[in-house]
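The values are calculated or read from the model by the stated rules, or taken from the named source; none is laboratory data. Values in this document were obtained by computation on a predicted structure and should not be read as measured data. We place every Cβ from the backbone using ideal geometry, glycine too, and count neighbours over all the protein chains shown. Just the protein is used for accessible areas: all its heavy atoms, side chains included, with ligands, DNA and RNA removed. Shrake-Rupley method; radii C 1.70, N 1.55, O 1.52, S 1.80 Å.
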Amino acid sequence: TNWLIEIVCLIQTKGNPKWVQSVPNWDRSPWIESQEGYQTLIKKEGPRLITSHLPFHLFPKSFFSSKAKVIYLIRNPRDVLVSGYFFWDKTNV
């Protein structure tokens, strides 16, 4: 997800890295599920980047009739399991 945010932000700025280097990714593409992210998105104007784990059926109907573009990222389940295994292994639980 973070790599995709970086790539989309660079595309949006036509490759200019100043915005990417000076603004954290949670401010450039806030998570709509979080209270802080939702408040940030409401205040922004113009093209916005939104990050979410919500399934499509929970998005408002107005979203689907808008001109919004969606990039749907899905990980290989094997990769998720291997990543999770090594993450939990490092936590010493």
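Which ones in the range 50-81 are free of Cβ contacts under 8 Å to residues at least 24 places away in the same chain and aliphatic (A, V, I, L, M)?
From the range 50-81, those free of Cβ contacts under 8 Å to residues at least 24 places away in the same chain are 50, 52-70, 72, 74-81; that's our starting set.
Residues satisfying the conditions are I50, L54, L58, A68, V70, I74, V80, L81.
Quick one: in the range 1-30, which of the residues that are at pLDDT 90 or above and hydroxyl-bearing (S, T, Y) is least open to solvent (accessible area, probe 1.4 Å)?
Residue satisfying both the conditions and the ranking: S29.
Looking only at the range 44-53, decide whether some residue is in a helix (DSSP H, G or I) and not aromatic (F, W, Y).
Checked against the condition, which is being in a helix (DSSP H, G or I) and not aromatic (F, W, Y), the range 44-53 yields no hits at all.
Give the residue that is surrounded by the most Cβ atoms within 10 Å (Cβ to Cβ), with candidates limited to residues of the range 32-79 that are under 17 Å from the mean Cα position of the chain (by Cα) and of a type in the set (K, R).
The residue in question is R48.
Taking the criterion of being open to solvent by 90 Å² or more (accessible area, probe 1.4 Å), modelled with pLDDT of 85 or more and either β-branched (V, I, T) or not in a helix (DSSP H, G or I) (or both), would at least one residue in the range 80-91 satisfy it?
Of the range 80-91, the ones open to solvent by 90 Å² or more (accessible area, probe 1.4 Å) are 81, 85-88, 90.
From the residues that got through so far, the ones that are modelled with pLDDT of 85 or more too are 81, 85-88, 90.
Subset that is either β-branched (V, I, T) or not in a helix (DSSP H, G or I) (or both): none.
No: the range 80-91 contains no residue that is open to solvent by 90 Å² or more (accessible area, probe 1.4 Å), modelled with pLDDT of 85 or more and either β-branched (V, I, T) or not in a helix (DSSP H, G or I) (or both).
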